[in-house]
1. Does Arg84 meet the test of being surrounded by fewer than 22 Cβ atoms within 10 Å (Cβ to Cβ), away from the ligand (no atom under 16 Å from the Cβ) and either part of a loop (DSSP other than H, G, I, E, B) or polar (S, T, N, Q) (or both)?
2. Here's a check for you: in the range 280-299, which residue that is within 15 Å of the ligand (Cβ to nearest atom) and more than 19 Å from Glu66 (Cα to Cα) is surrounded by the most Cβ atoms within 10 Å (Cβ to Cβ)?
3. Being in contact with a strand residue (DSSP E or B) (Cβ under 7 Å, 6 or more places away or on another chain) and more than 30 Å from Leu18 (Cβ to Cβ) narrows it down to one residue among Leu143, Leu151, Leu116, Leu187; which is it?
4. Could you figure out which of (1) aliphatic (A, V, I, L, M); (2) more than 13 Å from the ligand (Cβ to nearest atom); (3) under 27 Å from Thr106 (Cβ atoms); (4) not in a helix (DSSP H, G or I) isn't true of Val251?
5. Could you give every pair whose Cβ atoms fall below 7 Å, whose first residue belongs to the range 377-390 and is without any contact (Cβ under 8 Å) to a residue 12 or more places away in the chain, and whose second residue is within 7 Å of the ligand (Cβ to nearest atom) and not in a loop (DSSP other than H, G, I, E, B), counting only separations of at least 6 or pairs across chains?
6. So for the range 101-110 (the condition being over 24 Å from Gln239 (Cα atoms), hydrophobic (A, V, I, L, M, F, W, C) and within 20 Å of the chain's Cα centre (by Cα)), does at least one residue qualify?
7. Take the residues in the range 382-403 that are under 16 Å from Val249 (Cα atoms) and crowded, with 22+ Cβ neighbours inside 10 Å; name whichever of them is farthest from the ligand (Cβ to nearest atom).
8. Leu477 versus (1) closer than 23 Å to Thr146 by Cβ; (2) modelled with pLDDT of 95 or more; (3) in a loop (DSSP other than H, G, I, E, B): which is the lone unmet condition?
Amino acid sequence: TLHPLDHDRMAGKTLTRLTRDTLDAAHADIRRPGYDPAALVPSILHLGCGAFHRGHQAWATQRAIEAEGAGGLRWGIASAALRRRTTPDLLWPQDGLYTLMRRDETGTKAEIVGSLAEIVHAPSDAIGLPARLADERTRIVTLTVTADGYLLEPSTGRLQADHAAIRADLDTPAQPQTPVGILAAGLAEKRRLGGTPPVILSCDNLAANGRTLRQAVMDFADLIPHSDGLSGWIAANVQFPETMVDRIVPVPGDADIEDAARLAGLRDLAPVSCEPFLQWVIEAFDGPRPAWEAAGAQFVTDVAPFEQAKLRLLNGSHMLLAYLGALAGLPTIADTVDDPDFHRFIERFMLREQGATLSLSESELGGYVGELLHRLHNPAIRHEVDRIGRNGSVKLATRLMAPMRENLLAGRDVRCTTLGLAAWIRWFALRDTSGTEVRLNDPQAADFRALCERIGENFDAQASAFLDMEEVFGPPLPNHGRVVAELGAALRALHERDVRDLVAEAAAA
Ligand code: CS2
């Protein structure tokens, strides 16, 4: 550990803090907002002011504002942290400015982003998010609250009506805390005030994120006593376009603060690092919007093929690499794919298992997988496996189970998927095993651990008990009995043998 003073020096504490007033003092070669951030009008309300939002949409919005010239100034973002005030506390003193560092093996490109016109801490906000949503200036509401923030039943994608947080929002309608409760309250207020409701744009990795969010908000509206047809009004009046978002943005750490200080010459306590790659595919919608094309966004009529390819190839692979990599003691995704056996394993998983379920030609699939492997190897991105492994029970259904089901129906091989699922289950079984560094984080972690403890080393029983959880895995799989036996065998193998050998075997089979 560093002495606090060393820490201060490395974090550039003796440097001037990044603010709108000091922006001009940034090193000359660093890219700055091509507009005056103080002149922005916030017409986008964002829920979830995390690193992904700042690495993806906020940066794309900066490009859009710049591309539109003076007209772009109407596209400022009011970005809200929904729970903790850590991010607001860092961004308030910086007037919402932060440094974005795009990193790869060729170096780092730093840019100061100014599109966050206002930073909001929802629990202490005097205006309140529903009122902000209903404000006539708000044209678009974007969300990055992660898959578990939607409080959906994993296998059906419908709102968990009896979740404690949903019940709490129904009990205190004036102060909703959940994203779905906030949207429903804001839309109810908009209906009361009149005027065109904002477009609601989910930027999370859910299957059919627009339709799914719309259904969840309508489900919530139907639970409100005397809502006077709110859900029907939402169905008829509010657009929820589908989107596919893609950019790898790890959780920022101290090294980012040091690098930002060095590159910008200003003290920034809220920098973000990301890969250079960015993709954003948005279902075309009616009404004004920023010129996000300037950042490479594509507006299309059907997002589904893009979304499936991304969720299955990237997010699905991330899960397998995280669970298996962690069991092999590898801390990051790059460390994991740098192992030649893991590289071959994940390439096979993408080409033969996930890829077989996608509507891509062989050469499109090959191109996608090649580029993705390059991205996963990016040595400048420290994407920790136990971050990616979080909340697996919420993510499995779309990323792994849906393609697995299709492969089983078609009689195709699912050995890599099976080994990955077994590795996920091992995270819960191995909790007290020395040598594993896995930090468990899952809404159902306690139940899974209790189950593993109860069943002990009867691996077939463990496999069958997990697959029986329909809320996570969905209804019985095709050839269910055989899948249980294979998952049980994989669990036993992970118990008895070195995970690296099993990965190598699956890759070579
Ligand atoms: C990751 C994603 O944590 C996860 O689930 O798979 O955050 C991933 O990095 C992004 O979707 C990349 O676009």
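The values are calculated or read from the model by the stated rules, or taken from the named source; none is laboratory data. Values in this document were obtained by computation on a predicted structure and should not be read as measured data. Don't worry about glycine lacking a Cβ; one is built from the backbone with ideal geometry, like all the others, and counts go over all protein chains shown.
1. yes
2. Checked the range 280-299; the qualifying residue surrounded by the most Cβ atoms within 10 Å (Cβ to Cβ) is Ile282.
3. Leu151
4. Result: Val251 fails condition (2) only.
5. none
6. There is at least one residue in the range 101-110 that is over 24 Å from Gln239 (Cα atoms), hydrophobic (A, V, I, L, M, F, W, C) and within 20 Å of the chain's Cα centre (by Cα).
7. This residue is Val385.
8. The one condition Leu477 does not meet is (1).
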